1. Rank-order 172-178, 239-245, 59-65 by packing density, defined as the average count of other C-beta atoms within 10 Å over each peptide's residues, highest first.
2. Taking the stretch 145-294 as the region of interest, what is the percent of Cα-Cα pairs per 5 angstrom bin, listed from the shortest bin to the one with the maximum distance?
3. Run the numbers on the stretch 145-294 and let me know its relative contact order in percent, using alpha-carbon pairs under 8 Å that are six or more apart.
4. Debye sum, Cα scatterers, the stretch 64-221, no solvent: what log₁₀ I/I(0) at q = 0.14, 0.21 1/Å?
């Protein structure tokens, strides 16, 4: 994100304090848990527990787009700053003595307008001003998106046959989101293409932040905006027969792209699409061929 000059802190202002804290072994445990979209029965638990990090902080957790800092009762904290890996000020929050729960927005996305903001992954610090003193607490903000499963989409009206559902898991320490899914070498050339460059433009048809963001230690399922498993009658006879190989590309808001080769074996009933010579199949087994790669 762009930072104006009047919101910048020099790295020198924090280097001595950072060094002292690391030397004394102060750290924040980044033990996080979250909820899965596919299992709404579970109660999300995105709490971190500062491990001897600060007597001023009870908990650190994530709530959608926010980093939530739970201050101890009776604290005398006046300001909490989130310092980026390069020493600049990422966010600043003033605190009153009667407030113990602090929300710091670290990501922001407006699917309707295409605007977004995403932190740069890395080692951050919470800088707390209290009384006549100050204190720094290190915290790592680093998402890690892995493909959990891939299958053909199956709505009751069969309107999304040919599209695929991708479930990803965030094994990292901070939230992010998937902003696009595309393909290469798929049976349906119209589904192929590059990942969109703007992570704020979301093609999944939902403006719900909860259905978009992947919290740490959680999963989220996305349906591809295009349908790779659409076949031409002139190129394929029916749903039973040979498998097809193609590649899925998944765009992450960190500007990373995950690529995974797939092997799909169609089966079931042949469903004609509109008046064209295209058709989809009511079933398809999709396997991941080898490890995924990132750009």
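No value in this document is a laboratory result; all are computed from the given coordinates. These figures come from a predicted structure and were not determined experimentally. Cβ: placed from backbone, ideal geometry, glycine included. Neighbour counts: every protein chain shown.
1. Final packing ranking: 172-178, 59-65, 239-245.
2. 2, 10, 19, 23, 19, 13, 9, 4, 1, 0
3. 26 percent
4. -0.81, -1.41
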